[in-house]
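Where a number appears in this text, it was derived from the coordinates with a stated rule and is not lab data. Since the model is a prediction, treat every value here as computed from it, not as a measurement. All Cβ positions, even for glycine, are placed from backbone atoms using ideal geometry, and neighbour counts span all protein chains on display.
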Amino acid sequence: MRIALKTPALWLGLLFVTLLTGMPGLSPVFGWAFPRVRPAVFDRAGFVELFLSHLGLVAAASTAAALAGVAAAVFATRPAGRDFRTIAALLAAAGQTFPPAAVLALAVPALGFGARPTVVALFVYGLLPVVENAIAGIEGVPEGLREAAQGMGMTPWQVLRRVELPLAAPVILAGVRVSVTVAIGTATIGSTVGALTLGTPIFDGLAGNKLPYVLQGAVLVALFAVVTDLLFAVLARRLQPADRR
Amino acid sequence: MSEPMIELRGVSKSYNGRAVVGDLTLAVPRGALCVLLGPSGCGKSTTLRMINRLVPCDGGTIRIDGEDALRPPVEALRRRIGYVIQSTGLFPHWRVDDNIATVPRLLHWPEPRVRARVHELLEMLRLDPRIYAGKYPHQLSGGEQQRVGVARALAADPELLLMDEPFAAVDPVTRDALQAEIARIHEATGKTIVFVTHDIAEALRLATMIAVMDRGRVVQSGTPLDIVERPASDFVRDFVGVQGLGLKLLAVRRVRDRLQTGEQADGEPIDAGATLAEALAAMVARRVGRLAVAEGDGRVVGAIALGDLVR
């Protein structure tokens, strides 16, 4: 518990939850600062509702990206998948150079408005860091260890499960961390195609020239991303080899 | 003549059309410590790795304990063969005890039996279980890591042990201790060991049988004494080295073969299993011409004199 009290994740997390639930309570402050905007706090949807929807989109897309990314990396590092390695890296990189707005624009005609195109865009966008890191992590396992594992009679699956993945885990996690953090920020633009996210007040504010809405949405998205990143940092420390903690 | 433990017949391997091992034939008797000796690139490591099929051979037959080694599932074969490599290959995320338990756990031994075996092996390798079992590989010295590597290879009590330049990366003092350890384990367990090295001194010290390799073939195989005294070709003569031949002969002969039974001498006795080179070194260091000789159990059995070395 002493360690938990020292982590900024806890304090920033508390701040985040407080703002999320208590934003309407700040109405007088925003009303004083922005006298011409009424209501002074975004009220088309509750912030908690927006957050939960935002979280759901990111969780769905990032989980899929993490699983697919690691699976692709595992395949790319098998003898049978050697040819796939270049293609996988190339595809994932191409996904990254595509602006998420463009992915959204392309996904909407196929999938309609709302959450679905957003999840697809986030998935495509989040794949690269996972694939890249997972390949680097698995390839970073010293050849001697793989040889020893095989030489002792581990099956290919056992080598992967007991040696390669545990040793690559910190690097893979770093990739997932980047992927998720980026997804939290990027998910906001899902609001332009009708998904409910913490970006909704931002785009509402921008469209209606209501600066406080932009501010409320932006602060919450930023805190959400920072707290998540810090939680990953805690997880990464846990995942360090037991002897090096 | 009983059946050899390992029999390679006409074995070959090429990479990109270049033959690394060509038509190699070798029989290793049961209980032998066979050293594959040769310059780097002679195919000795490839030959070793064909025995546990880490390198698939292109042609020929390999029999282990009379059975076709190319037939059974490769994992089943490897779990019966201990394997030690130069880089130790210890899993850095597993503790010493878990590293040693690798193969027994792959074989689904009951956990109490695994733990007892790990304990036994740590003691055999002179690593105090209370201190070492819970450590991680990076907390050990190079020599300790290689001891754990040997313990891990022995864990499931394999009939055969393959060692690929296991001591090439450790300092000379540690290497000396590890060689003594292997000699002792070989003697105590009677396991068949195939040991790859390019170090002639290491080969002479450990081997009961040496196969000298050059360009993918065995150019001579025989006892260390054969190799040193009757090299079959100029290559072998050059590789074994003419210089210091006398000292090399001392290094392959044992005190046991030259001692005068029942004789007495003063001072700390030397082990009967020691080489004549070691006896000579002890005489020079102590400035004496005679040493008492004791068997491994400490019982004094005779003496050896300077003159006995040149008989």
query = If you average 1/r over all unlike Cα pairs in segment A:31-151 and invert the result, what Kirkwood radius do you get in angstrom?
reply = 17.2 Å
query = Under the Karplus relation 6.51 cos²θ - 1.76 cosθ + 1.60, θ = phi - 60°, what is the ordered set of whole-Hz ³J(HN,Hα) values for segment B:15-27, x standing for Gly and Pro?
reply = 10, 6, x, 9, 6, 8, 10, x, 6, 8, 10, 7, 10
remark   = Hull volume per residue for segment B:178-282, using the convex hull of the C-alpha atoms, in Å³ is 120 Å³
request  = State the answer as a single residue: which of A:Ala64, A:Ala183, A:Ala218 lies farthest towards the positive end of the charge dipole of segment A:48-244, with beta carbon charges of +1 for Lys and Arg and -1 for Asp and Glu, about the Cα centre.
outcome  = A:Ala64
inquiry  = Name the residue from B:Phe239, B:Ala203, B:Ile185 whose Cα lies farthest towards the positive end of the charge dipole of segment B:174-292, charges +1 on Cβ of Lys and Arg and -1 on Cβ of Asp and Glu.
reply    = B:Phe239
inquiry  = Based on C-alpha coordinates, I'd like the Rg and Dmax of chain A, in Å.
reply    = 21.3, 75
note = Here, B:Ala285 and A:Leu67, labelled 7 Å along Cα→Cβ, have an inter-label distance in nm of 6.5 nm
request  = Tell me which residues come under 5 Å, amide H to amide H, from B:Arg253 once H is placed; ignore anything under 5 positions away on its chain.
outcome  = B:Leu276, B:Ala277
ask   = What is the extension gain from B:Glu229 to B:Glu159, computed as 0.36 nm multiplied by their sequence separation minus the C-alpha to C-alpha distance, in nm to one decimal?
value = 22.1 nm
task = Highest first, please rank the peptides A:41-48, A:80-87 by the mean number of other Cβ atoms sitting within 10 Å of their residues.
result = A:41-48, A:80-87
query = Along segment A:11-18, what does the Karplus equation 6.51 cos²θ - 1.76 cosθ + 1.60 (θ = phi - 60°) give for ³J(HN,Hα), rounded to whole Hz, x for Gly and Pro?
reply = 5, 5, x, 5, 4, 4, 5, 4
ask   = Hey, got the dipole for chain A? About the Cα centre, +1 on K and R Cβ, -1 on D and E Cβ, debye to the nearest 20?
value = 420 debye
message = For the pair A:Ile87/B:Asp238, report the inter-label distance in nm, with labels modelled 7 Å from Cα in the Cβ direction.
response = 5.1 nm
query = Kirkwood Rh, Cα Rg: Rg to Rh for segment B:15-149?
reply = 1.02
query = What's the extension gain from B:Glu75 to B:Thr189 if we count 0.36 nm per residue and subtract their Cα-Cα distance?
reply = 38.6 nm
ask   = Which value in Å does the Kirkwood hydrodynamic radius of segment B:82-156 take, with 1/r averaged over all unlike C-alpha pairs and then inverted?
value = 11.9 Å
ask   = So what is the diffusion coefficient of segment B:228-311 in µm² per second by Stokes-Einstein at 37 °C and 0.692 mPa s, using a Kirkwood Rh over Cα pairs?
value = 244 µm²/s
Segment B:1-95: chymotrypsin sites (Phe, Trp or Tyr not before Pro) in DSSP coil with no more than 13 other Cβ atoms inside 10 Å = none
task = Sort out for me the Cα centre separation of segment B:18-90 from segment A:136-188, rounded to whole Å.
result = 30 Å
inquiry  = On C-alpha positions alone, give me the angle between the axis of helix A:47-76 and the longest principal axis of chain A, in degrees, nearest 10.
reply    = 20 degrees
key: Under 5 Å, built H, 5+ apart or other chain: amide partners of B:Val218   = B:Thr25
task = Run the dipole for segment A:74-166 about the Cα centre, Lys and Arg Cβ at +1, Asp and Glu Cβ at -1, nothing else charged, and hand back the magnitude in debye, nearest 20.
result = 240 debye
request  = Please report, to two decimal places, log10 I(q)/I(0) for the protein assembly as shown at q = 0.09, 0.13 Å⁻¹ as given by the Debye formula with identical point scatterers on the Cα atoms and no solvent.
outcome  = -0.81, -1.26
query = Tilt of helix A:115-139 relative to the longest C-alpha principal axis of chain A, in degrees (0 to 90, nearest 10)?
reply = 30 degrees
note = Between B:Ser141 and A:Arg237, the FRET efficiency computed from the C-beta separation at R0 = 30 Å comes out, to the nearest 0.05, as 0.60
note = Listed by chain and number, the residues whose amide H is under 5 Å from that of B:Ala19, excluding neighbours fewer than 5 places away on the same chain and using placed H, are none
query = Taking a label point 7 Å from the Cα of A:Glu139 along the Cα→Cβ vector, which residues of segment A:159-193 have an amide N closer than 11 Å to it?
reply = none
request  = Determine the dipole magnitude for chain B: charges of +1 sit on the beta-carbon of Lys and Arg, -1 on that of Asp and Glu, nothing else is charged, the reference point is the Cα centre, and the result goes in debye to the nearest 20.
outcome  = 400 debye
